[in-house]
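The values are calculated or read from the model by the stated rules, or taken from the named source; none is laboratory data. All figures in this text were calculated on a predicted structure; none of them were measured in a lab. Heads up, the Cβs are rebuilt from the backbone with ideal geometry, glycines too, and the neighbour counts pull from every protein chain shown. Remember, those area values only see protein heavy atoms, side chains included, never the ligands or the DNA or RNA. Shrake-Rupley method; radii C 1.70, N 1.55, O 1.52, S 1.80 Å.
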Amino acid sequence: MATKQPGSKGQAWFCTTGLPSDVAIEVDGMTFHLHKFPLMGKSRKLHEMITEQETNQRTNRFATIQTVSEQNQSNENDEGEEEIQEEDNEGQFHFVLPDFPGGCEAFEPAAKFCYGVKVDLSANNVAALRCAGEYLEMTEEYSEDNLISKTERFLAQSTLKNIKHSIKTLTSCERLLPMAENLGIVQRCIEAIATKAAAADPSLFGWPMNGGAVDSKPEADARRKYGDVTRGAAIADSWLDDLGYLSVHIFKRLIFAMKALNLSGDIVESCLMNYAKKFIPGISRTTTRKPSASSNLPSENERRELLETIISNLPIEKTSRSTSNTTRFLFGLLRTSYILNASEVSRRSLEKKIGSQLEQATLDDLLIPSYSYLNETLYDVDCVERILVCFLQRFEERSVTRTQADEEEGNSPVSTALITVGKLIDGYLSEIASDANLKPEKFYEFAITLPDRARVFDDGLYRAVDVYLKAHPWISETDRERICGVLDCQKLTLEACTHAAQNERLPLRAVVQVLFFEQLQLRHAISGTILGGRGTENEDEEMVERSRAEEGNGTWRTAVRDNQMLRGDMDSMRARVQDLERECSMMKTTIEKMDNSGPRGHGENGSWWSKLGCKFKSQVCDSHEPTGAEGGKRRREL
């Protein structure tokens, strides 16, 4: 049908019909050598242009002949040559279409359509051919079954019924503006994408979304091999990836259309995440982005605008499909917002969003570097503290809706999330405690932000305190006591108490309290063991009788052996308590002697005993203390 040959100003396109061309149309540097009758039969615009130029040629030729006839014919040979030249140029037409939509790539199939060649329409070229038909005025009124009607029919029956095809067509409209906008192609594609996404099954997220189209071979193979759910997830991922080819302006319009239809927050969030990962570098610390052409990279202002758009359109509440990867993505957005100097409103909105799902974060997520010169610390502690406050506010709101049964059991999802965040924050405190620029006031305020019920044990908090005291040996004794005041000695395990009792970095006041509560824990453990031992003696007799009744059954021997081992552990624990009681008695005696050595047994600021703040009485060292629960509920008073 056609061949392309290099020309003086670009390339030339020739129609290989065997007839000499009489029309040359230049589009986007390409010269198309065509014939006027096929073009005039389909395009009203080309018909008018050719007719107008043909009329002008005839007028100019008549004027030339009239001028020549009036002149004095001095040289008959010259006149004959001029007449031959005029006859050669007659019937040749040349046009330039500088603003043709889609350029030469769109004009070529439009020209073939004029010759009756079958044009294969697709999601990638239907918008360009629709605009070309509009530009050339290839209407149904001018010629039956023309290009405009064919493209409109393909749009309605094929493209707009498939979400992937709609995205491809919408992407092709980027270089067809403003004509594609005026013809409504852009808006129709946006509405089709939003509608198809809204009609998707949220549990499968994307299936079925092929609009009744016949399955392609890869999709059919995937369904046979992995099932319909896998196929649906694969289709969802594919059309989400296709959104990355849209410009920021078109993508914003698509998101607004989705939100106008009250789409699920899962779908909106997934669209925003996929688009941001493609155009905003630095969101992920692990994945490496493929280098792309510099012309395709948005500028810093465009990235800032895109970032703020994504943040403002993220669902405020945690979505049902939210995972640790989602939370990691949000932290990546937060770090990037500082780098791109996004607005304060965007950062605060993002912090609230992260706070709603903080239990899904990891320690690595919380380690946000300080991007401002105003912060002296290595990590942005203020930012993490604001996120924690947002989580606690949301936690209090959700706590109101908890049932009484869940509250009594303490195993509701809300309580579990709080305990998870408590462990996370304790790990974060241990990580930032070694920062030499972290002030004692900031460490103390951050540590007490969590409520007491967020920590089952204070071992993690004790580790953070120990790291802080080790990294800040120059702080005053008052600050050391204040830092240790965040600990609840009743929540320390025996291992932590043993370590704290031998920790030289802790103030003496804290060590005494740790010893006291360690003694109480051991006493309670021994009391429970004794009660359990008494109960097991009767159980042993019953087991022996039962085992004797059963021939050959040796279960009773194993039970007796386990009870003997338990009694041995009980004896060792009792010996440990006695040692602690002796140590406490000796400490008390030494302190009383130091008190009595002064005038009236008091120093300048009172007795050493009162300075230590230990309010337990002499029966602390008595192994027959009547009630252990009262001592177990005492809090430290620092």
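What are the residues in region 297-354 that are β-branched (Val, Ile, Thr) and open to solvent by 80 Å² or more (accessible area, probe 1.4 Å), if any?
ILE316, ILE339, VAL345
Looking only at region 231-246, count every residue that is open to solvent by 40 Å² or more (accessible area, probe 1.4 Å) and at pLDDT 80 or above and tell me the total.
The qualifying residues number 2.
Take region 491-520 and flag every residue that is in a loop (DSSP other than H, G, I, E, B) and farther than 18 Å from ARG455 by Cβ.
GLN502, ASN503, GLU504, ARG505, LEU506, PRO507, listed by residue number.
Please name all residue pairs, on different chains or six or more residues apart, with Cβ atoms under 6 Å, provided the first residue is in region 146-162 and is under 18 Å from ARG44 (Cα atoms) and the second residue is among the aromatic types (Phe, Trp, Tyr) and part of a helix (DSSP H, G or I).
From residues that are under 18 Å from ARG44 (Cα atoms), the pairs are LEU147/PHE113.
Output the residue which, of all residues in region 462-517 that are free of Cβ contacts under 8 Å to residues at least 60 places away in the same chain and among the acidic types (Asp, Glu), is farthest from GLU445 (Cα to Cα).
This residue is GLU495.
So which of PRO202, PRO218 ends up being farther than 30 Å from GLY103 by Cβ, surrounded by fewer than 19 Cβ atoms within 10 Å (Cβ to Cβ), within 21 Å of the chain's Cα centre (by Cα) and modelled with pLDDT under 90?
Exactly one of PRO202, PRO218 is farther than 30 Å from GLY103 by Cβ, surrounded by fewer than 19 Cβ atoms within 10 Å (Cβ to Cβ), within 21 Å of the chain's Cα centre (by Cα) and modelled with pLDDT under 90, namely PRO202.
Each row is one residue, and each column tells you yes or no for (1) modelled with pLDDT of 85 or more; (2) assigned to a helix (DSSP H, G or I); (3) under 20 Å from LEU334 (Cβ atoms).
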| site | (1), (2), (3) |
| --- | --- |
| LEU388 | yes, yes, yes |
| GLU397 | no, yes, no |
| ASP406 | no, yes, no |
| SER415 | no, yes, no |
| LEU418 | yes, yes, no |
| SER430 | yes, yes, no |
| ASN437 | yes, no, no |
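Based on this model, can you work out whether SER343 counts as modelled with pLDDT under 90 and on the phi < 0 side of the Ramachandran plot?
No; evaluated as a whole, the condition is false for this residue.
Examine region 169-184 for a residue that is assigned to a helix (DSSP H, G or I) and over 22 Å from GLY103 (Cα atoms), and state whether such a residue exists.
Among the residues of region 169-184, not one is assigned to a helix (DSSP H, G or I) and over 22 Å from GLY103 (Cα atoms), which makes the answer no.
Anything in region 416-448 that is open to solvent by less than 20 Å² (accessible area, probe 1.4 Å), under 12 Å from ARG463 (Cα atoms) and not aliphatic (A, V, I, L, M)? List them, or say none.
ASP426, TYR428, SER430
Within region 471-490, take every residue that is open to solvent by 30 Å² or more (accessible area, probe 1.4 Å) and outside any helix (DSSP H, G or I) and give me the one that is nearest to GLY460 (Cα to Cα).
If we take residues in region 471-490 being open to solvent by 30 Å² or more (accessible area, probe 1.4 Å) and outside any helix (DSSP H, G or I), then PRO473 is nearest to GLY460 (Cα to Cα).
Residues that are at pLDDT below 60 and acidic (Asp, Glu): find the helices (runs of 4 or more DSSP H) completely inside region 45-149 holding 3 or more of those.
Fully inside region 45-149 and qualifying: 76-89.
Per-residue answers, yes or no, for (1) buried (at least 23 other Cβ atoms within 10 Å of the Cβ); (2) more than 30 Å from VAL268 (Cβ to Cβ); (3) not hydroxyl-bearing (Ser, Thr, Tyr):
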{"residue": "GLY103", "(1), (2), (3)": "no, yes, yes"}
{"residue": "VAL119", "(1), (2), (3)": "no, yes, yes"}
{"residue": "LEU129", "(1), (2), (3)": "yes, yes, yes"}
{"residue": "GLY133", "(1), (2), (3)": "yes, yes, yes"}
{"residue": "GLU144", "(1), (2), (3)": "no, yes, yes"}
{"residue": "SER149", "(1), (2), (3)": "no, yes, no"}
{"residue": "LYS168", "(1), (2), (3)": "no, no, yes"}
{"residue": "PRO178", "(1), (2), (3)": "no, no, yes"}
{"residue": "ALA198", "(1), (2), (3)": "no, no, yes"}
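Looking at SER430, is it under 19 Å from LEU366 (Cβ atoms) and among the polar types (S, T, N, Q)?
yes
Checking ARG453 against (1) out of contact with any Cys (no Cβ under 7 Å at 6 or more places or on another chain); (2) open to solvent by 20 Å² or more (accessible area, probe 1.4 Å); (3) more than 26 Å from LEU392 (Cα to Cα), only one condition comes out false. Which one?
All conditions pass for ARG453, except number (3).
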